[in-house]
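Before any comments, here is the structure.
The values are calculated or read from the model by the stated rules, or taken from the named source; none is laboratory data. All of these numbers come straight from a predicted model, not from anything done at the bench. Please note: Cβ atoms are built from the backbone with ideal geometry, for glycine as well, and neighbour counts cover all protein chains shown. Note: accessible area is taken over every heavy atom of the protein model, side chains too, but ligands, DNA and RNA are not part of it. Shrake-Rupley method; radii C 1.70, N 1.55, O 1.52, S 1.80 Å.
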Amino acid sequence: MIVARLIPEVKALQTAVRRNYGASAVLLKKASDPIQQLFLDKIQDYTKKSSAAGGKLVDATPDIERQLQQELDKVARQYGGGPGVDMTKFPEFKFEEPKIDPVV
């Protein structure tokens, strides 16, 4: 009975290990192709920069941040946002019951 419960879990674990190994094996070893190695180096460099940026844009200049804020403000105005409106909150809908005249 215990073996019957463990067999599906072991198979799922084997599948997960194969997938993770297949995905991370490329990143863990050196690439034989110089283009692939350059690509991996850039990805690792970007990962370091993005973690250092703390969720903001990587290598963003003040001009780029200003343009981003302008675009976000423009989208907020187009979709009903404005000063003091939280655009990340799901809208609240209010449905009123219609008045129905009784049929006589």
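For the reader, a short list of remarks on this structure follows.
- Set Ala76, Ala4, Ala53: member being at pLDDT below 80 and open to solvent by less than 90 Å² (accessible area, probe 1.4 Å): Ala4
- Residue match in segment 56-70 (condition: open to solvent by 90 Å² or more (accessible area, probe 1.4 Å), assigned to a helix (DSSP H, G or I) and at pLDDT below 85): no
- Odd one out for Ser32 among (1) open to solvent by 100 Å² or more (accessible area, probe 1.4 Å); (2) modelled with pLDDT under 85; (3) part of a helix (DSSP H, G or I): (3)
- Every pair of residues 6+ apart whose Cβ atoms lie under 9 Å, when the first sits in segment 52-74 and is at positive phi while the second is open to solvent by 90 Å² or more (accessible area, probe 1.4 Å): none
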